[in-house]
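Report on one structure; see the data block that follows.
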Amino acid sequence: MRFIHIPLCIALLALCGCGKDTRSSEAKEERNPLIKQGHAYMEIKDYGKAEAAFKQAIENNPRMARPHLDLATIYQQYKPDYISSIFYYKRYLELRPDSEKAEFINEQIKKVQISLANAILTQSGAVQAIEELKQLRKENTELKRQLAAKPKIVIESAPKKSVTQTVPKSAKPSAQTSRQIYTVVAGDNLTKIAKKFYGDDDYDAIYQANKDRMKSPGDLRVGQTLVIPSR
């Protein structure tokens, strides 16, 4: 009966030994002179010298995990270099896949990735463009609201005149107070037109106002426009 439990005891001891090996390796690395030196520099906030110490430790022993974790922390918090921070966090997990810190480190990697994305957007101007677009949309919404609040003004068009229309003074400089334009129709002559507008056959005022377009009082064409001055 005593011999039956021997394999189980050996397995348990082996498992316990693995955990102890991981912790002992971590503790051993922390006692490394360069690691201790790097931590001392971090305490006095001299992150440049701390960075150099940890990198020297890695150069001396590339399989040493602890300096990768310290460098990742420096690049995340003190000397922002998010790509390097992600690299060193992942390198630490490669060297210490069974580390008790694995869950925490994966959370930090996600945070650093978000910081990296924000930094890229800021440098490219995308963040500013998004903010400007939001402001434009806000202003557009406010403008629509203001327009909707104003009373509507209905503009009615004046009825069209088929033959005559009032001509502003600026259309043809004259001492007359008002003028009209008449379109000649078939059968018209100056006498008929004068009677239409003045009530008599004195067409001289009409002829004088249109001498620039008539060779004689009888020079009328269908569709021709005449200025009819007031008398």
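Given the C-alpha centroids of the range 190-231 and the range 44-102, what is the distance between them in whole angstrom?
103
Under a crude label model (7 Å from the Cα following the beta-carbon direction), how far is ARG23 from ILE44 in nanometres?
Output for this residue pair reads 3.3 nm.
Restricting attention to the range 51-100, which trypsin sites (Lys or Arg not before Pro) occupy a DSSP loop and are surrounded by at most 16 other Cβ atoms within 10 Å? Present the calculation step by step, with values, prior to reporting the outcome.
Values: sites: LYS55, ARG63, LYS90, ARG91; in loops: ARG63.
Taking the range 51-100 and a limit of 16 other Cβ atoms within 10 Å, the loop trypsin sites (Lys or Arg not before Pro) found are ARG63.
Work out from phi, with θ = phi - 60° and the Karplus expression 6.51 cos²θ - 1.76 cosθ + 1.60, the ³J(HN,Hα) of each residue of the range 66-71, listed in order in whole Hz, and give x for Gly and Pro.
Computed from phi, the couplings for the range 66-71 are 3, x, 5, 5, 5, 5 Hz.
Please list, in chain and number order, the residues 5+ apart from ILE181 or on another chain whose amide H is under 5 Å from its amide H, with Hs placed from the backbone.
Excluding prolines and chain starts, which carry no amide H, the hits are GLN165, VAL167, ILE228.
Restrict the search to the range 33-122; then list the chymotrypsin sites (Phe, Trp or Tyr not before Pro) that DSSP places in a loop and that have at most 13 other Cβ atoms within 10 Å of their Cβ. Could the numbers behind the result be given before it?
Values: sites: TYR41, TYR47, PHE54, TYR75, TYR78, TYR82, PHE87, TYR88, TYR89, TYR92, PHE104; in loops: none.
Passing both the DSSP loop test and the Cβ count: no residue.
Could you give the length gained on full extension between LYS36 and GLN77, defined as 0.36 nm per residue of separation minus the Cα-Cα distance, in nm? Please report the intermediate quantities before stating the final value.
Numbers: separation 41, 0.36 × 41 = 14.76 nm, distance 1.95 nm.
Gain in length upon complete extension: 12.8 nm.
Tabulate in residue order the Karplus-calculated ³J(HN,Hα) for the range 90-105, using 6.51 cos²θ - 1.76 cosθ + 1.60 with θ = phi - 60°, rounded to whole Hz; enter x for Gly and Pro.
These are the phi-based 3J(HN,Hα) values: 5, 5, 4, 5, 5, 7, 10, x, 9, 5, 5, 8, 4, 5, 4, 5 Hz.
Per 0.36 nm of contour for each residue apart, how much would the distance between ILE105 and THR225 grow if the chain were fully extended, relative to their Cα-Cα spacing?
Working: separation 120, 0.36 × 120 = 43.20 nm, distance 9.22 nm.
Separation in residues times 0.36 nm, less the Cα-Cα distance, equals 34.0 nm.
Quick one: length gained pulling LYS195 to LEU133 fully straight, 0.36 nm per residue minus the C-alpha distance? Before the final figure, lay out the partial values.
Working: separation 62, 0.36 × 62 = 22.32 nm, distance 6.87 nm.
Gain on extension, LYS195 to LEU133, equals 15.4 nm.
Every read-out reported here was derived from the displayed coordinates using simple, explicitly stated rules and does not represent laboratory data. Computed from a predicted structure; not experimentally measured. Note: ideal-geometry Cβ built from the backbone for every residue, glycine included; neighbour counts use all protein chains shown.
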